[in-house]
1. Which residues, taken from the range 189-202, are part of a helix (DSSP H, G or I) and surrounded by 13 or more Cβ atoms within 10 Å (Cβ to Cβ)?
2. I'd like the residue in the range 59-79 that is within 12 Å of the chain's Cα centre (by Cα) and within 30 Å of Leu200 (Cβ to Cβ) and, out of all such residues, is surrounded by the fewest Cβ atoms within 10 Å (Cβ to Cβ).
3. What number of residues within the range 216-252 are part of a helix (DSSP H, G or I), surrounded by 10 or more Cβ atoms within 10 Å (Cβ to Cβ) and not aliphatic (A, V, I, L, M)?
4. Read through the list (1) part of a helix (DSSP H, G or I); (2) in contact (Cβ under 8 Å) with a residue 40 or more places away in the chain; (3) not acidic (Asp, Glu), then give the number of the only condition that Val115 fails.
5. Could you tell me which numbered condition Asn8 fails, if it satisfies all but one of (1) over 18 Å from the mean Cα position of the chain (by Cα); (2) under 20 Å from Gln124 (Cβ atoms)?
6. Only one of Ala149, Ala95 is touching a Leu at 6+ places or on another chain (Cβ under 9 Å) and in a strand (DSSP E or B). Can you tell me which?
Amino acid sequence: MNILVEKNNGVTHITLNRPPLNVLDIATMRELTTALCDADADTSSRVVVLGAQGKFFSAGVDIADHTAERVTEMLTVFHNLIHVLWSLEPPVVAAVQGSALGGGMELAFACDFIVASDKAKFAQPEIQVGVFPPIAALALPRLLPRKKAFELLLTGDAIDAATAERLGLVNVVAAAADFENALNNFVARLNKLSGAVLRLTKRAALIPLHGENEHALREIEALYLNELMKTADAQEGLAAFMEKRAAVWTDK
């Protein structure tokens, strides 16, 4: 199974199980969406923890699913997964034990909280292979100062966990040896509260965002599918990545 689920004393642990990179192919994203929906429907789940096996939290969405034949399905499935995360009633804590790249970073910051190991890195490297990350393009300018958001989106450069915490993307950074303890302590702060009130409070806080997110994401998706994926450089960047060579840009 690509996704492992364990329930214990009000906490639902959902774990990506495709080590070492935990790449998000379409099947894995569908499986993760189902696990999250099940946790949402289970009123005994006061907190959901989204974690991963291996050295990476996730290296992102499978490049093989960016082909012309699959890209529409890939975006639909990934954005549905993000919508489910955004609308999940119990609070969701991302347990980022390793690097979160591309769609992996988007998955992490779509959660309500992030507890990260000091070994974790965060990056949106999509521009380096000739595309852009729609969820990050929507969310990062709202989560970060505009210039820092643009730096991450337009360079693809990585930041470490301490920098992510300083920017407000991460709640807690812990030494790798103390990561599980720090995660459990953070989750305990939520798990001791009323599950019903946690859900209602989160719902109230999300009301101002829902309409804005829906409208903006539709525009970004249209730009991605109808303009970006028709450029020669998008096709070249993806092909170069798959062929393990340097891309040759034509600016077209």
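1. If we filter the range 189-202 for residues that are part of a helix (DSSP H, G or I), which is where we start, we get 189-191, 195-202.
Result: Leu190, Asn191, Gly195, Leu198, Arg199, Thr201, Lys202.
2. Filtering the range 59-79 for residues that are within 12 Å of the chain's Cα centre (by Cα) and within 30 Å of Leu200 (Cβ to Cβ), the one surrounded by the fewest Cβ atoms within 10 Å (Cβ to Cβ) comes out as His79.
3. Matching residues across the range 216-252 total 10.
4. (1)
5. Looking at each condition in turn, Asn8 falls short on (2).
6. When all the criteria are applied, what remains is Ala95.
Residues checked against (1) in contact with a strand residue (DSSP E or B) (Cβ under 9 Å, 6 or more places away or on another chain); (2) within 18 Å of Thr15 (Cα to Cα); (3) touching a residue at least 40 places away in the same chain (Cβ under 8 Å); (4) of a type in the set (Val, Ile, Thr):
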{"residue": "Glu31", "(1), (2), (3), (4)": "yes, yes, no, no"}
{"residue": "Ala39", "(1), (2), (3), (4)": "yes, yes, yes, no"}
{"residue": "Ser44", "(1), (2), (3), (4)": "yes, no, yes, no"}
{"residue": "Lys55", "(1), (2), (3), (4)": "yes, yes, yes, no"}
{"residue": "Ala68", "(1), (2), (3), (4)": "no, no, yes, no"}
{"residue": "His79", "(1), (2), (3), (4)": "no, no, yes, no"}
{"residue": "Leu88", "(1), (2), (3), (4)": "yes, yes, yes, no"}
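Throughout, read-outs are computed from the coordinates displayed, never taken from laboratory work. Note that the coordinates shown come from a computational prediction; the quantities given were computed from them, not determined experimentally. No Cβ is skipped: glycine too gets one built from the backbone with ideal geometry, and neighbour counts run over all protein chains shown.
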